[in-house]
Each structure stands twice: as structure tokens, then as C-alpha cells.
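Chemist: Next up is a structure, given as C-alpha cells.
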Amino acid sequence: MSAYDHFSGVAVFVMVVESGSFAAAANRLNLSRSAVGKTVARLEEKLGVKLIHRTTRTQSLTEDGQLFYERCLRAVNEVREGAAMLDSGRLSLQGKLRISVPVLFGCRCAAPILVALAQKTPNLELEIDFDDRRVDVIKEGFDFVVRAGPLRSEAERNLVARKLAEQRMAVCAAPAYLEAHGVPRELDELYSHECLVYYRSGQAREWAFAGHDDTPLRLQPPSRLLLDNYEAIADAAVAGCGLAWLPYWLVRDRIASGRLVHVLEDKSSQAVEYYALWPKTLHLPLRTRAALDELAHHLPSLM
């Protein structure tokens, strides 16, 4: 059997192992699940060994499969490194870029930056997934995802992280509400106010402020209005329903127009860090690196 015969199905086999399933590998390779399955089956037939145990729900490497994968991965990484080096030498960005971002942050902050990049690079194909769930970067075939920290080291040990920006929070309310209920001057006064609280997965989110010795001070203000959407909270605050603790990038225009008033400005909120995460690789494709650089350059001024 020639070396080419061995190699013809190796890249697909490695992608199946890295992705965790035939379906995820098919998505990343832009192939059908059937084509991926047949390719691995042909490779097993040529080698005369079973590489992957398959059931209707799970898959796992055989002992032979594990040994073969470790050897194959070195060869595939060499090919990827060579392709990335060629890619980095090109004068124009090209190819498909798949990115996942949180919904509201993505629409307001990340997407305009990425769309502007796509506008000036006609050979770049951009696919943005707006999703607040914690997507699996590798299994779902994303080039990178953007997440709000803190990072979970155990779950993300196979990923590379790059800090993009820090999100500042602001306590704000409508002028009419403050006129009727007074302007809070100290954090403990929040407990005597109506507060609008973000609520997700059965839990109300605490408001975090900078405490002594860089220790965050977390408060759980009382609320009879719990919403799982920051945009809805901002609208409720404008309507005079109470105090809200919101990302400054979301309420900046409302504050500038006078619809909301920024209060407790001398009480610094704890910053929320945003990161880009992507699978470990020796060389990033030029299109991925360019998108990361654009976000890192423009996001801080927005947030």
C-alpha cells in the first residue's frame, strides 16, 4: 500500500477525533456525515484494523486507533503549519471564518467591527453565530468564539485565549424615578430602591463593585422585576421602573440623551473581561488573526 493510500483518509480521521463526532467533523469539513463515515471506514479497511468504536450515541478510539491518531496528528499538524505559513504570506484575506458571539454584545459591539472587515475584504466569507450558550469551539467547528470572563480553565484547557476588552458597568435610572425616589449616594442605599435585575437559569445576577484590596463587593439588591435580557432592562429603566446595573456600551446613548442618569459614578463597578478563544494551533490563518486584531483594536473604545 502506498503512502498516499494511507494519507488519503488520515485528515478526515483526525478531524473526527478532534471534533468528537462524525457529525461535527462533517460540519467542519463541509462534507456530509455519510461521506465522513465512509472515508474512515475505507481507511480502516486499508489498514486492516478498527480505529473507532461506534454506537448510536457515542464513539471512542480503539487502542489501535489511539496509537494511529497520535502518529497521524504529527503529520497533519505539519501540513496545517505549512498551509498557515502560506496563508500568512498572502496579501489578501480569503476563505471562510466562523465565529460565535453572545447575542446582545455581538449585535451591538462585535458584529459591526467584523462586518466592516468583511466589507473591505471581498474574498472573506464571514459566518457569525449569535448565541448566549457556551458553545463547544472545537466540536461545532468555530474558528473562534467571544466570551465574557472569567475563563473556565478545566473546560477550556485545549483552547488559546486572548483578551479583547473590559466591559464597564453603570448604575442608572430615569430622571423621573430619581426625582420621585431620590438619588443613591452609597451602595447600601440600593436596598431601599426598586432595582431591575438580570435573571438567568433560575438565578438573579449580583451587582459587583470594586471593594477594598481589589476584592469585589457583590450585592443582591431587592427586585420585583427580573428579566433575562439587558435590552429589556434598559427599556424598563427608561420607563422609570427603577435602578439598573447595565453595560456602559448599552446605555451610553441613553445617558447622553438624558433618558437615563448615571448614578454612583464614584463607586467603580467590577470590570467584566471579554476573551476570544480558539483551538490550539501552531499558526493562525491570516483571516482569523486579522479578525482578532480588529476586535482587539476597536472594542475597548466601544466598551
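The values are calculated or read from the model by the stated rules, or taken from the named source; none is laboratory data. Just so it is clear, the model here is predicted, and its values are computed rather than measured. No Cβ is skipped: glycine too gets one built from the backbone with ideal geometry, and neighbour counts run over all protein chains shown. Protein only, heavy atoms only, side chains kept; ligands, DNA and RNA dropped before computing areas. Shrake-Rupley method; radii C 1.70, N 1.55, O 1.52, S 1.80 Å.
Chemist: Are there any pairs with C-beta distances below 8 angstrom linking a residue in region 166-183 that is farther than 17 Å from residue 197 by Cα to a residue that is surrounded by 15 or more Cβ atoms within 10 Å (Cβ to Cβ) and among the acidic types (Asp, Glu), with the two at least 6 apart or on different chains, and if so which?
Modeler: 166/273; 167/273; 181/194
Chemist: Turning to a different aspect of this structure: Have a look at 235, 228, 253 and point out the one that is charged (D, E, K, R), at pLDDT below 90 and open to solvent by 60 Å² or more (accessible area, probe 1.4 Å).
Modeler: Only one candidate passes the filter, namely 228.
Chemist: Report every pair of residues separated by at least 6 positions or lying on different chains whose Cβ atoms are under 9 Å apart, first residue within region 11-27 and within 12 Å of residue 52 (Cβ to Cβ) and open to solvent by less than 10 Å² (accessible area, probe 1.4 Å), second part of a helix (DSSP H, G or I) and of a type in the set (Asp, Glu).
Modeler: 13/44; 25/18
Chemist: Would you mind stating whether residue 283 is in contact (Cβ under 8 Å) with a residue 40 or more places away in the chain and in a loop (DSSP other than H, G, I, E, B)?
Modeler: Here the answer is yes, as residue 283 does meet what is asked.
Chemist: Looking only at region 17-47, count every residue that is in contact with a strand residue (DSSP E or B) (Cβ under 7 Å, 6 or more places away or on another chain) and β-branched (Val, Ile, Thr) and tell me the total.
Modeler: Qualifying residue count for the region: 2.
Chemist: Take residue 140 and tell me if it is buried (at least 17 other Cβ atoms within 10 Å of the Cβ) and modelled with pLDDT under 90.
Modeler: It is true that residue 140 is buried (at least 17 other Cβ atoms within 10 Å of the Cβ) and modelled with pLDDT under 90.
Chemist: Of all residues in region 229-288, which are polar (S, T, N, Q) and within 19 Å of residue 200 (Cβ to Cβ)?
Modeler: Once the filter is applied, which keeps residues that are polar (S, T, N, Q) and within 19 Å of residue 200 (Cβ to Cβ), region 229-288 yields 229, 269, 270.
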